[in-house]
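Bear in mind these aren't lab numbers, they're just calculated from the coordinates by the rules spelled out. Predicted model, so just to flag it, every value in this text is computed and none were measured. FYI the Cβ positions are ideal-geometry reconstructions off the backbone, even for glycines, and counts take in every protein chain you see.
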Amino acid sequence: MVENHSREDHETGGENKEKRPKFFINDHVDILIEILERLDGRSLCVAASVCRLWCTIARNDSLWENLCFSHVSPPPSSVRSVVLALGGYKRLYTGCVRPVRSRLGRVRRASWAGDEVQLSLSLFCVDYYERLGGSNSNGRLVEKSSPSSLMFLCKPVNV
Amino acid sequence: MLRYDSTSSSAGSSSGSLSSSSSSSKPPQQDIDGLLAGAGYKVRSSELRQVAQRLERLETAMGNSPADFSQLASDAILYNPSDLACWVDSLLTEFAEPPPTCSSDFIVDPVNNQTVVNSAWTAAEPHTPQVHQNITYDEQQSLDNQLTVVTAMEEDSGIRLVHMLMTCAECVQSGDLSLATSLIDDMQGLLTHVNTVCGIGKVAGHFIDALSRRIFQGMGGGSVNGGSAFENEILYHHFYEACPYLKFAHFTANQAILEAFDGHDCVHVVDFNLMHGLQWPALIQALALRPGGPPLLRLTGIGPPSPDGRDSLREIGLRLAELARSVNVRFAFRGVAASRLEDVKPWMLQVNPKEAVAVNSIMQLHRLLGCEQTRDSPIDTVLSWIRGLNPKIMTVVEQEANHNQPGFLDRFTEALYYYSTMFDSLEACRIQPEKALAEIYIQREIGNVVSCEGSARVERHEPLAKWRRRLSGAGFRALRLGSNAFKQASMLLTLFSAEGYSVEENEGCLSLGWHSSPLIAASAWQAVPAWDNHMSSS
């Protein structure tokens with residue numbers, strides 16, 4: 001959908017004088033944001049590798065916030081401050097919401113949509129707590145360097 | 001009784017533990033299995049095991065490659081499904097399974113085990129050469145395969161191991177220690193014929209160790225329970241990661257506490273076993289987001305004193321405080337160091353009469369049960385001062401097992417069944433080193449149940465029915481856990497990649513089990529007001 005922009009470099013040459021300048025999406029950041037807001041998580045990550053502008057926009061937490069709550073009614077405003085304190089929406093999405101949603105999606109219970117996000121939030125909070133332990137303690141309390149309470153959400157890797 | 005079962009129906013379970021019913025090893029008179037014939041399938045009874053194994057492999061293959069599966073569905077070629085064995089084989093070749101890697105652990109040296117092998121096979125299987133070939137092929141599956149194949153010989157050895165374990169326990173109970181000792185030697189010899197990496201072999205190994213410790217070291221059994229607090233915390237943490245039992249306990253208790261605290265602005269949680277405090281971040285976050293804003297949360301954590309002068313309770317408290325600060329919840333922590341729960345006195349908790357109190361006990365109450373039922377046993381003392389605190393809610397999570405019977409053999413049998421089920425469920429976990437350390441955690445419990453007595457035996461698990469009677473008699477009434485807790489527990493289980501866990505609701509209490517054997521039960525209680533006591537106490 002968004003591959004139709006052309007590079008200005010290619011416009012040099014005789015053709016340039018005959019045609020109007022083509023539409024270049026990077027000149028219209030508001031439209032770009034509108035488009036990126038509607039992408040799914042994987043496409044958003046891919047979009048972040050296109051160019052520096054796209055990368056900056058894709059890092060914006062509000063895009064990931066839309067992803068987290070895409071299937072549910074908008075949450076109360078207090079949720080945002082909590083999520084930002086615990087690590088941000090991008091981390092919440094990639095670490096918790098996406099694996100939770102894909103696993104629960106197999107069972108396909110529509111009534112669970114809102115609870116999925118709540119459960120993801122709780123797991124996210126436990127994960128944040130474990131990360132606190134790794135960085136703050138003097139090393140004797142937490143024996144692992146990386147938090148692993150979310151490991152059970154990861155797909156086993158077939159080597 | 002409500003039931004949510006996340007298992008997918010498969011043709012029999014895999015490992016040779018007691019909880020699974022093995023497919024028939026003694027063939028009936030006719031060659032075609034009668035029951036399946038009634039359903040329209042022609043399967044030779046002698047081939048039942050192979051067909052079951054291949055069905056399991058087919059299911060794995062289907063699960064692993066959903067793309068192929070949809071192709072298969074669109075190319076609708078029927079391969080005479082009534083001849084089940086051929087049908088499964090043809091489907092398996094469609095999936096083009098890679099040849100399994102050879103694993104030498106399964107292949108038994110025929111020279112040493114001549115007698116065992118021959119007797120098992122001639123008794124069970126009429127088509128001996130064919131069976132031998134098939135089983136060797138199946139033995140070569142890689143150890144990583146979740147649905148580990150159990151051979152006829154192994155299963156036979158497994159059953160013999162179990163019988164010998166029971167006999168040995170009986171000898172120990174009756175005091176015939178010489179026979180028990182020789183049985184231990186025999187069992188350790190038999191262990192070499194059985195796969196000890198998973199299934200019945202692994203569990204049997206732990207029970208043999210515990211029995212020999214009981215026989216040779218007497219019943220003080222100090223080394224089993226003598227792990228340092230630090231070690232215990234690490235093992236507990238890995239047990240938390242590897243399987244859902246503790247997560248289920250925490251999330252269910254938190255949900256009940258959250259609902260009980262509704263409308264209160266000053267709340268106080270008393271945790272009977274703080275460990276790393278992994279239960280509380282989720283509650284803090286839920287309180288932060290509750291409509292109406294978070295209350296003032298006080299947490300009192302009880303735990304063993306740290307040996308080397310560092311205050312581990314305080315460190316956990318600081319960590320929780322930092323989390324609470326990040327999410328804007330007013331938080332205060334207090335640590336109470338006590339090596340035994342009965343040493344804690346209510347004044348140490350400093351409960352404010354105006355605050356709503358929640359008491360949280362995750363697998364702690366059973367430690368207070370002494371062997372003699374005296375009037376002032378620790379459990380009665382503790383329950384009465386809990387009641388004196390007048391908590392809004394007391395969440396109790398306990399192992400659903402009967403490991404406190406006075407007779408040793410009964411206890412042993414129960415424990416064998418319970419822990420083989422638990423080890424079965426742990427097979428599904430693939431995360432290392434969590435799995436290995438979780439197994440050590442369970443192993444220590446086994447050791448305590450089997451080889452310790454008197455005050456050293458602290459793992460005195462009792463089933464939910466007994467706890468119900470005990471708590472009702474102590475002046476508590478049960479609170480129903482509610483549909484939110486059930487929904488959350490079901491979701492949590494679905495997240496675990498193993499499909500064998502099930503949540504059941506039982507008169508307002510939730511229990512989590514493996515293939516419908518409950519292993520851990522969560523319940524919530526409230527103190528009955530004192531003036532009701534003379535009417536409701538038994």
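Take every Cα pair under 8 Å whose residues are at least 6 apart in sequence, average their separation, divide by the length of region A:64-134, and the relative contact order is 40 percent. Spacing of the modelled spin labels on B:ARG325 and A:ILE35, each 7 Å from Cα toward Cβ, amounts to 4.5 nm. The residues B:THR421, A:THR56, B:THR252, when put in order of fewest to most other Cβ atoms within 10 Å, stand as A:THR56, B:THR421, B:THR252. Placing dummy labels 7 Å off each Cα toward the beta-carbon, the span from A:CYS45 to B:GLU507 is 4.9 nm.
Is region A:64-134 best put as rounded, prolate or oblate by its Cα gyration tensor, with a ≥ b ≥ c the root eigenvalues, rounded for a/c under 1.5, and otherwise prolate when a/b is larger than b/c, oblate when not? Since a/c reaches 1.5 but b/c is at least a/b, the shape of region A:64-134 is classed as oblate. Counting, for every residue in B:277-287, the Cβ atoms of other protein chains within 10 Å of its Cβ and taking the mean gives 5. Positive-end ranking of A:TYR128, A:VAL83, A:GLY105 along the dipole of region A:64-134, with charges on Cβ about the Cα centre, is headed by A:GLY105.
Counting Lys and Arg as +1 and Asp and Glu as -1, what is the net charge of the other residues whose Cβ lies under 13 Å from the Cβ of B:VAL449? After counting each charged neighbour, the total is 0. Exposure proxy shown here: for B:MET422, B:MET363, the number of other Cβ atoms within 10 Å sets the order, fewest to most, as B:MET363, B:MET422.
Note on B:VAL351, B:VAL357: ascending count of other Cβ atoms within 10 Å places them as B:VAL351, B:VAL357, the fewest first. Once the chain from B:ASP380 to B:SER82 is taken as fully extended at 0.36 nm per residue, the excess over their C-alpha distance is 101.0 nm. Once you have the Cα-Cα distance between B:GLN173 and B:ILE32, take 0.36 nm times their residue separation minus that, and quote the gain in nm to one decimal. That pair, B:GLN173 and B:ILE32, stretches by 46.2 nm at full extension.
Each other residue within a Cβ distance under 9 Å of B:PHE331 adds +1 if Lys or Arg and -1 if Asp or Glu, for a net charge of +3. Charges were assigned to the Cβ only: +1 to each Lys and Arg, -1 to each Asp and Glu. The resulting dipole of region B:158-218 about its Cα centre is roughly 180 debye. For B:ALA521, what is the net charge nearby, where nearby means another residue's Cβ is under 12 Å from its Cβ and Lys, Arg count +1, Asp, Glu -1? For residues surrounding B:ALA521, the net value is -4. Along region B:511-521 the Karplus relation, 6.51 cos²θ - 1.76 cosθ + 1.60 evaluated at θ = phi - 60°, assigns HN-Hα couplings of 10, 10, x, 10, 6, 6, 9, x, 10, 9, 10 Hz to successive residues, with x for each Gly and Pro.
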